[in-house]
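Peer 1: One structure coming up, written as structure tokens, with questions to follow.
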Amino acid sequence: MDNVLRAGLLAHSRTWDYLCKVGRALNLIDSALSAIPYVALSGGKDSLVCLDLARRVKPGIPAIWSDDELEYPEQETYIPDLCRQMGSRLYITSGYRSIHNGWFRPWSVHPYWREKPPGMIEDPRPIECLARDLGFGGVILGLRRQESSKRKIYLSKKHELYDVSYGMTLIHPIAGWTVYDVWAYIVSNNLYYNPVYDRLASVGIELSKQRVGPLPLSNGWHLREAYPEMYRRLIARYGNRWS
């Protein structure tokens with residue numbers, strides 16, 4: 001991250017609007033602690049901010065990562081390292097329950113793209129069932145209205161904190177944050193963010209378009225430019241499914 005951008009983010013982190021958003025997020029998490037929540041960790045910037053906010057309210061709060069097999073290569077080491085640094089217990093579960101972009105179900109076709117991580121919990125049920133078995137009654141999610149029209153509609157219909165029919169409390173502490181708010185929080189708190197972002201930035205992808213998530217959902221140009229060797233392997237195995 002260049003010095004001009006960093007300086008701008010640090011200045012933003014001192015604004016009244018930003019400080020109010022942080023205070024509101026901390027209060028929201030605090031009000032939901034009776035639900036015994038965990039943090040849904042993806043390796044992306046938004047869940048990183050949620051994990052740090054949550055540990056400020058409840059040190060040692062645990063996290064669950066749903067490993068989707070086709071992940072950026074940094075994920076395997078970054079997520080466990082982050083949780084160790086944050087003092088959070090990490091549960092890794094198989095992403096088998098999901099179908100990404102209509103064609104990819106993680107951990108379903110041998111040989112796998114890579115080896116399964118040690119201790120991965122293989123449970124095909126909805127993740128809420130696994131979470132309840134582990135003793136959790138709520139989940140802290142890094143969804144933001146700004147990310148997409150679908151999420152804007154979803155979060156406008158739901159409160160930032162609400163109960164759902166299967167008994168889990170969903171908490172969205174950064175629902176109203178902008179991408180600039182998120183990065184201001186990361187920079188001003190000197191958080192250990194995923195090195196994928198620096199790699200994407202190195203090929204000219206602007207801050208607002210940088211995404212970390214399952215590779216079937218990733219932008220093909222981003223993959224081709226930032227990870228050319230991996231992109232060739234993906235095409236060779238799965239065909240040209242990336243635009």
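Peer 1: What distance in nm lies between label points placed 7 Å from Cα along the C-beta direction at ASP133 and ARG56?
Peer 2: The two pseudo-label positions are separated by 3.5 nm.
Peer 1: Could you give each residue of region 157-162 its phi-based ³J(HN,Hα) in whole Hz, using Karplus coefficients 6.51, -1.76, 1.60 with θ = phi - 60°, and x for Gly or Pro?
Peer 2: Coupling constants for region 157-162: 7, 10, 6, 5, 9, 7 Hz.
Peer 1: Would you work out the charge dipole size for the chain about its Cα centre, treating the Cβ of every Lys and Arg as +1 and the Cβ of every Asp and Glu as -1, and quote it to the nearest 20 debye?
Peer 2: Computed charge dipole of the chain: roughly 480 debye.
Peer 1: Before rounding to the nearest 500, sum -39500 (n - 2.57) across all DSSP H runs of length at least 4 in the chain and divide by the residue total; then give [θ] at 222 nm in deg cm²/dmol.
Peer 2: The helix-only estimate for the chain comes to -12500 deg cm²/dmol at 222 nm.
Peer 1: Counting only pairs 8 or more places apart or on different chains, how many lysine pairs in region 3-193 have C-alpha atoms closer than 30 Å?
Peer 2: So the count works out to 16.
Peer 1: So, one more: Taking the Cα centroid of region 2-45 and of region 76-99, what is the distance between the two, rounded to the nearest whole Å?
Peer 2: 20
Peer 1: Okay, next question. Can you list the residues, at least 5 places off or on another chain, whose amide H is less than 5 Å from the amide H of SER66, using H built in the peptide plane?
Peer 2: LEU41, THR93
Peer 1: Whole number please: convex hull volume per residue of the Cα set in region 3-193, in Å³?
Peer 2: Hull volume over Cα atoms, normalised by residue count, gives 133 Å³.
Peer 1: Let me ask something else. Please give, to one decimal in nm, the separation of the simple spin-label points placed at ARG105 and GLU206, each 7 Å out from Cα toward the Cβ.
Peer 2: Roughly 4.0 nm, to one decimal.
Peer 1: Here is a follow-up. Multiply the residue separation of SER31 and ARG14 by 0.36 nm, subtract the distance between their alpha-carbon atoms, and state the gained length in nm to one decimal.
Peer 2: Using 0.36 nm per residue and subtracting the Cα-Cα distance, I get 3.6 nm.
Quick note: the coordinates plus some simple rules give every number you see, no bench work behind them. Just so you know, these numbers come straight off a predicted model, no measurement behind them. Note that each Cβ is placed from the backbone with ideal geometry, even for glycine, and that neighbours are counted across all protein chains shown.
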